[in-house]
Amino acid sequence: MVFWYGHGVGGWGWFAMSAGVILFWALTIAVLVLLVRALRRPQDHRHLPAPPSAEDILRERPARGEIDEDDYRRRLNTLHAGPPRT
């Protein structure tokens, strides 16, 4: 029952064994390469950049011409004063 085609492996048997070995090693090497690349990758890309602060946003508005200098100073003083007390 082990040797269906006599006492040796036929042509399709050799082909299947060869293809199986090639696929096994290709998958093994691919997994190792991906694992090494994942471990050696710098971790900086996982951190999102900090959102701009309220002062940064306010500082950009006069530069774009949205508000004048008096309005800028009034808003900056309000920002530094903190939330109103109730």
Q | Lone unmet requirement of (1) in a helix (DSSP H, G or I); (2) small (Gly, Ala, Ser); (3) modelled with pLDDT under 90 for Gly20 | A | (3)
Q: Take Asp56 and decide whether it is modelled with pLDDT of 80 or more and either closer than 30 Å to Ala81 by Cα or among the acidic types (Asp, Glu) (or both).
A: yes
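The values are calculated or read from the model by the stated rules, or taken from the named source; none is laboratory data. Owing to the predicted nature of the structure, the values given are computational and were not obtained by experimental measurement.
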